[in-house]
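Below you'll find the structure, written out as structure tokens, and then a few comments.
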Amino acid sequence: MPDMLLPAATEHHSMQQMVAHFSLLEPLFDAMPDVVFFVKDNEARYLIVNTTLAVRCGLKKKDALLGKTAEEVFPARFGEIYTAQDANVVRSQNRLVDQLELHPYPGRRPGWCLTSKVPLHDTHGRILGVAGISRDLRAAEDTHPAYRRLAVAAQHIQENYAQPLRLADLATLIDMSVAQMERYFDKIFHLTPRQMLLKTRLDAASRLLAGDDSITGVATQCGYNDHSAFTRQFKATVGITPSQYRALLRTAERR
């Protein structure tokens, strides 16, 4: 998603133009059940959303989201990190591209998405807000000629995520160069091999945190020799620390 430049005018008029500009895309994104689409102002409040986002928030009407921040409509462990992302895009005016992250789905079921956000400017360079999409991760059909070999690599990651995994060894396993493997991974799974490894490790961590193993023990079982590295990676992706995630799970169990 390239940075967007909108015609210069008063800030209020520019904001109106921005909303009108992106409103034209609303029907298109409403037809995509596996894509979340939104436009927010420079204080991270929703201006435009698609139907998928409303459904993810458990709402029947999109208008119920308008004027609110993600922190106000998502569970705390999700909303806080989304709003922090928005603030960082506005502050730094840098794009966020294909960030692997957990999203809530209907029934409180978490799922994985790739999120991209871009700052919105007028032609004077004033920051007006943020536009973004989150794409659900779905495995491609097995009709791609490289699918079978890539499936072997994916299975190897799933079965050996607790071990140190080198890209070169993974590529050798399926008789490809590292560059070929990365290109086909993106084409078929919409993930890099490193992102798939991260996703697999954090999927496992989320399950293990429901048990009684120590946080250090969970980290080790998920391929992290450094407890602090595990905590940083988990928080960067999930939005809260492993300890906070475990506390949320136990609170939910008591309800």
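List of remarks:
- Identification of strands (runs of 3 or more DSSP E) wholly contained in region 24-135 with 1 or more residues that are small (Gly, Ala, Ser) and over 24 Å from residue 13 (Cβ atoms) yields 109-122.
- Any hit, region 212-233, residues being farther than 21 Å from residue 104 by Cα, touching a strand residue (DSSP E or B) at 6+ places or on another chain (Cβ under 9 Å) and of a type in the set (Ser, Thr, Tyr): no
- Listed conditions (1) among the hydrophobic types (A, V, I, L, M, F, W, C); (2) surrounded by fewer than 20 Cβ atoms within 10 Å (Cβ to Cβ); (3) touching a Phe, Trp or Tyr at 6+ places or on another chain (Cβ under 8 Å) are all met by residue 154, apart from (2).
- Any pair with Cβ under 7 angstrom, 6 or more apart, that starts in region 105-124 at a residue that is under 19 Å from residue 204 (Cβ atoms) and ends at one that is part of a strand (DSSP E or B) and modelled with pLDDT of 85 or more: 111/136; 113/134; 113/135; 113/136
- Within region 138-223, helices (runs of 4 or more DSSP H) holding 1 or more residues that are of a type in the set (D, E, K, R): 147-160, 167-173, 178-189, 193-208
- From the list 31, 54, 64, the one residue that fits, being surrounded by fewer than 15 Cβ atoms within 10 Å (Cβ to Cβ), modelled with pLDDT of 90 or more and touching a helix residue (DSSP H, G or I) at 6+ places or on another chain (Cβ under 9 Å), is 31.
- Residue 203 fulfils the conditions (1) over 16 Å from the mean Cα position of the chain (by Cα); (2) surrounded by fewer than 17 Cβ atoms within 10 Å (Cβ to Cβ) except for a single criterion, (1).
- Tally of residues being in contact with a strand residue (DSSP E or B) (Cβ under 7 Å, 6 or more places away or on another chain) and surrounded by fewer than 21 Cβ atoms within 10 Å (Cβ to Cβ) across region 75-89: 2
The values are calculated or read from the model by the stated rules, or taken from the named source; none is laboratory data. For clarity, every value in this text was computed on a predicted model and none was experimentally measured. As a convention, Cβ positions derive from the backbone with ideal geometry for all residues, glycine included, and neighbour counts pool all protein chains shown.
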